[in-house]
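Report on the following structure.
The values are calculated or read from the model by the stated rules, or taken from the named source; none is laboratory data. Because the structure is predicted, anything quoted here is derived from the model rather than measured. Note that we place each Cβ from the backbone using ideal geometry, even for glycine, and neighbour counts take in every protein chain shown. Accessible surface areas use protein heavy atoms only, side chains included; no ligands, DNA or RNA. Shrake-Rupley method; radii C 1.70, N 1.55, O 1.52, S 1.80 Å.
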Amino acid sequence: MTGKIFKTAILFIFVFLTGCGPTYLPAIFDSAPPMSTPTEVKGNSTFVGGYYNQTDGFHKGESNKFLRVNFNKAIGGSWYRFSGGALAYFGEYNVTQHEDRGKKSYFGIGADIDANAFLPLRFLNIGIGLYGGVISEFGDYALIWKGEGENSILKIFTPLSFSYFFTQFNISENDKLSVRLGLGLPGGYSLGVSYYNINYGGFWGGFYPSGGKISFTSVGGSVRIK
């Protein structure tokens with residue numbers, strides 16, 4: 001129920017900002033933000049990765065599926081981590097609550113950043129972070145949410161903004177298990193869990209309001225290439 005209320009509120013805000021046309025949002029908003037890099041790195045690192053997302057869309061009876069790839073460079077120290085990079089994604093949204101119904105394809109490109117600061121303890125780190133970026137989405141589904149109303153810069157360059165709290169469990173010097181709870185876009189409110197060896201890479205899962213409850217909706221991984 002809470003997830004539906006949050007989605008409705010975000011729809012209202014987006015409609016207010018972009019004009020009277022859209023009752024849909026960019027497809028990427030219907031997902032948990034990725035954990036493309038570890039919450040802690042040492043020095044400079046480069047990661048490539050991707051993930052699969054499957055959610056129930058913005059309206060009853062709909063569905064949203066996409067694949068996303070990421071390229072991120074990260075730098076970190078004893079109390080902070082900063083990463084930034086490029087992203088691309090493509091998928092299919094099954095529309096049921098619009099006059100133009102059916103399965104609609106889409107793709108998007110963009111850039112994002114993720115910064116955090118934490119209190120380093122022996123067995124765990126406790127910290128806060130901010131994820132942000134900008135995307136441009138295209139395709140048949142994008143034509144629906146962009147609508148026929150007034151043109152808006154938000155329909156061309158759509159911002160992402162997400163803040164979070166996290167706890168990282170230091171299994172060893174290099175093996176890290178992190179739990180992250182956040183609020184913003186994409187995702188509304190969401191939960192992420194990741195395991196990384198900071199020298200090689202790792203994997204993560206995202207939990208997001210879907211089907212009236214918070215559900216496991218995303219799975220992905222990243223590999224350190226440098």
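Okay, here's what the table says:
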read-out: Odd one out for residue 82 among (1) open to solvent by less than 10 Å² (accessible area, probe 1.4 Å); (2) free of Cβ contacts under 8 Å to residues at least 60 places away in the same chain; (3) not small (Gly, Ala, Ser); value: (1)
read-out: Members of region 117-156 found to be under 30 Å from residue 168 (Cα atoms), within 19 Å of the chain's Cα centre (by Cα) and open to solvent by 20 Å² or more (accessible area, probe 1.4 Å), listed by number; value: 128, 130, 133, 134
read-out: Test: residue in region 71-82 that is under 13 Å from the mean Cα position of the chain (by Cα) and closer than 18 Å to residue 203 by Cα; value: no
read-out: Those residues of region 167-224 which are in contact (Cβ under 8 Å) with a residue 40 or more places away in the chain, open to solvent by 60 Å² or more (accessible area, probe 1.4 Å) and under 25 Å from residue 42 (Cα atoms), in sequence order; value: 169, 219, 223, 224
read-out: Pair list, Cβ under 8 Å, 6 or more apart: region 50-68 residue part of a loop (DSSP other than H, G, I, E, B), other residue of a type in the set (Lys, Arg); value: 58/7
read-out: All positions within region 19-44 that are surrounded by fewer than 22 Cβ atoms within 10 Å (Cβ to Cβ), polar (S, T, N, Q) and either in contact with a Gly (Cβ under 7 Å, 6 or more places away or on another chain) or at pLDDT 95 or above (or both); value: 44
